[in-house]
Amino acid sequence: MALWFSPLSVIAQDAKPPQTVYLTAKGIVDPVTGLYSQNPAILIENGRITNIGSATQFPAPAGATKIDLPDQTIMPGMIDMHVHLTSSPTARRQNRLEQREVITGVANARKTLMAGFTTVRNVGAARYSDIALRNAIADGDIPGPRMYVSGPPVGIIGGHCSDDTYSPPEDNKYGENVATGPWEMRARVRKNIKYGVDLIKTCSTGGVFSKGTVLGAPQGTVEELKAIADEAHARGLKVASHAHGTIGIQNAVEAGIDTIEHASFLDDKTIRMIKKNGVFLSMDIYNTEYTLSKGKENGVPEESLQKEREVGTVQRESFSNAVKANVKIVLGTDAAIYPHGDNAKQLSRMVEFGMNNAQAISAATNVAAQALGKDDLIGRLAIGYSADIIAVKGNPLDDITTLEEVSFVMKEGKVYKGQ
């Protein structure tokens, strides 16, 4: 007999998922091939997929817990490669206690998971609050997506990443991971690794939401950026660089950075460099709408609003050009600039500005998994992969906006939201 779940059902965190689950649905989307198939069946044992095919090919084994989604389409759980779970559109402008940041993260983690994002990359959080959140989720204490976290970014004095302070000069106050020169940069990377990060975040240009920085101005020399990349890569970690301006993007690519965040000002030369070096782009082309409509109300300074006006249209043009050039692009939303849980709204913009539906789904699943270096674990539904499965009513290959209303969420074989 199939199990049926209420619309908002959530399994208690201390409850273990069934050891063997047999899941069927109306259809399935494979993000690798971009194809839709009918009548799928997936066998899940201890949180991993052990068999997948058509329900007519193999029946449910004796004793398996059955989950049937007869009017829904399933696909892998989505991946957002650029979030800040410990912050939010209003809270990010405040000076808050470290404990408050973690509590904010607990609420945002749940919203993100319920929206169908079973994995996120948290690229920037103060005082290692993202590590505490990641560990609480991994230990089963709270519901949330699988997290890969950077801790506090590494960057220059007065830079966007590490030194976004509004203190007066007499305070002589700097950010927690400010560094000058290659050796200091290496030391900050080593510190972050010591405290348990999964990746390193840096900045190679100014940013929209930092005081006094210029979007197109490079931050950090190639030597400094290369020191960050080399130190991280030597320890098996990848590096993400916030970069709006062309020169800063080129510097990051030359230094060996793995992913470029925002990537707003792309010319043909820069796109060729990115493609040649196999660098991934994470371009947040949805949140400009929220910032310009709600930013003033949320306390965003006029300086930041003006920079957003300058960059929004250009970034979308760059996105379109990168898609045409077949650059590797992942879904990265910068959630916290806009409300968490709305992550999937970016998919329709990715389609509007150049991708087809299958490409957008792939950017949010298997391509994102490749950028994480976890494409043997997540990003697709296949034997040996984690049972991260979401479902929607309708076919997202026909209508990408169906992914804005996810009706079923399973992570690692455990159901968190069901029909």
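Taken over region 127-149, the residue count meeting the criterion of being of a type in the set (A, V, I, L, M) and either under 13 Å from Met410 (Cα atoms) or touching a Lys or Arg at 6+ places or on another chain (Cβ under 9 Å) (or both) is 5. Can you say whether Asp342 is assigned by TED's automatic domain parsing to the domain that holds Phe280, within 19 Å of the chain's Cα centre (by Cα), surrounded by fewer than 23 Cβ atoms within 10 Å (Cβ to Cβ) and more than 30 Å from Tyr22 (Cβ to Cβ), as far as the supplied structure shows? Here the answer is yes, as Asp342 does meet what is asked.
Can you tell me which condition Ala382 does not meet? The list is (1) aliphatic (A, V, I, L, M); (2) out of contact with any Leu (no Cβ under 8 Å at 6 or more places or on another chain); (3) surrounded by 20 or more Cβ atoms within 10 Å (Cβ to Cβ), and all the others hold. Going through (1) aliphatic (A, V, I, L, M); (2) out of contact with any Leu (no Cβ under 8 Å at 6 or more places or on another chain); (3) surrounded by 20 or more Cβ atoms within 10 Å (Cβ to Cβ) one by one, Ala382 breaks only (3). Scanning region 345-357 for residues that are among the aliphatic types (A, V, I, L, M) and surrounded by fewer than 20 Cβ atoms within 10 Å (Cβ to Cβ) yields a count of 1. Per this entry, Ala252 is not counted among residues that are in contact with an Asp or Glu (Cβ under 7 Å, 6 or more places away or on another chain), small (Gly, Ala, Ser), in the same structural domain as Val367 (by TED's automatic domain parsing) and within 19 Å of His160 (Cα to Cα).
Please go through region 311-354 and pick out each residue that is assigned to a loop (DSSP other than H, G, I, E, B) and not hydrophobic (A, V, I, L, M, F, W, C).
First, pick out the residues of region 311-354 that are assigned to a loop (DSSP other than H, G, I, E, B): 325-328, 331-334, 336-344, 353-354.
Correct list: Asn326, Lys328, Gly332, Thr333, Asp334, Tyr338, Pro339, His340, Gly341, Asp342, Asn343, Gly354.
Filter region 113-164 for residues that are modelled with pLDDT of 95 or more, assigned to a helix (DSSP H, G or I) and of a type in the set (A, V, I, L, M, F, W, C); which is surrounded by the fewest Cβ atoms within 10 Å (Cβ to Cβ)? This residue is Ala138.
The set of residues from region 387-419 being surrounded by fewer than 24 Cβ atoms within 10 Å (Cβ to Cβ) and closer than 12 Å to Ile49 by Cβ comprises Glu412, Gly413.
Of all the residues in region 360-415, those that are outside any strand (DSSP E or B), outside the structural domain of Ala344 (by TED's automatic domain parsing) and hydroxyl-bearing (Ser, Thr, Tyr) number 4.
Out of everything in region 268-310 that is in a loop (DSSP other than H, G, I, E, B) and touching a helix residue (DSSP H, G or I) at 6+ places or on another chain (Cβ under 6 Å), what residue ends up being farthest from Met350 (Cα to Cα)? Please lay out each step first, then the result.
Applying the first criterion (in a loop (DSSP other than H, G, I, E, B)) to region 268-310 yields 277-279, 283-286, 295-301.
Restricting the remaining residues to those that are touching a helix residue (DSSP H, G or I) at 6+ places or on another chain (Cβ under 6 Å) gives 277, 279, 283, 285-286, 295, 299.
Numbers: Asn277: 23, Val279: 19, Met283: 9, Ile285: 7, Tyr286: 8, Gly295: 22, Gly299: 28 Å.
Only one residue fits best here, namely Gly299.
Within region 110-153, being touching a residue at least 60 places away in the same chain (Cβ under 8 Å), small (Gly, Ala, Ser) and touching a Gly at 6+ places or on another chain (Cβ under 7 Å) holds for Ala115, Gly116, Ser150. Among the candidates Val32, Val10, the residue that is outside the structural domain of Gly144 (by TED's automatic domain parsing), touching a helix residue (DSSP H, G or I) at 6+ places or on another chain (Cβ under 9 Å) and at pLDDT below 90 is uniquely Val10.
So, in region 117-150, how many residues would count as being among the hydroxyl-bearing types (Ser, Thr, Tyr) and in contact with a strand residue (DSSP E or B) (Cβ under 8 Å, 6 or more places away or on another chain)?
As a first pass, look at region 117-150 and keep what is among the hydroxyl-bearing types (Ser, Thr, Tyr): 118-119, 128-129, 148, 150.
Keeping just the survivors that are in contact with a strand residue (DSSP E or B) (Cβ under 8 Å, 6 or more places away or on another chain) gives 118-119, 148, 150.
Number satisfying all stated conditions: 4.
Among the residues in region 181-193, are any at pLDDT 85 or above and among the polar types (S, T, N, Q)? Checked against the condition, which is being at pLDDT 85 or above and among the polar types (S, T, N, Q), region 181-193 yields at least one hit. A search for C-beta distances below 6 Å between a residue of region 214-225 that is under 18 Å from Met185 (Cβ atoms) and any residue that is part of a loop (DSSP other than H, G, I, E, B) and of a type in the set (A, V, I, L, M), counting only pairs 6+ apart in sequence or on different chains, returns Gln219/Ile156; Gly220/Ile156. Within region 274-310, the only residue that satisfies the criterion of being modelled with pLDDT of 95 or more, among the small types (Gly, Ala, Ser) and either surrounded by 14 or more Cβ atoms within 10 Å (Cβ to Cβ) or in contact with a Cys (Cβ under 8 Å, 6 or more places away or on another chain) (or both) is Ser282. For region 113-155, the set of residues classified as closer than 28 Å to Thr205 by Cα and either in the same structural domain as Leu403 (by TED's automatic domain parsing) or among the hydroxyl-bearing types (Ser, Thr, Tyr) (or both) consists of Thr119, Tyr128, Ser129, Tyr148, Ser150, listed by residue number.
The values are calculated or read from the model by the stated rules, or taken from the named source; none is laboratory data. Computed from a predicted structure; not experimentally measured. As a convention, Cβ positions derive from the backbone with ideal geometry for all residues, glycine included, and neighbour counts pool all protein chains shown.
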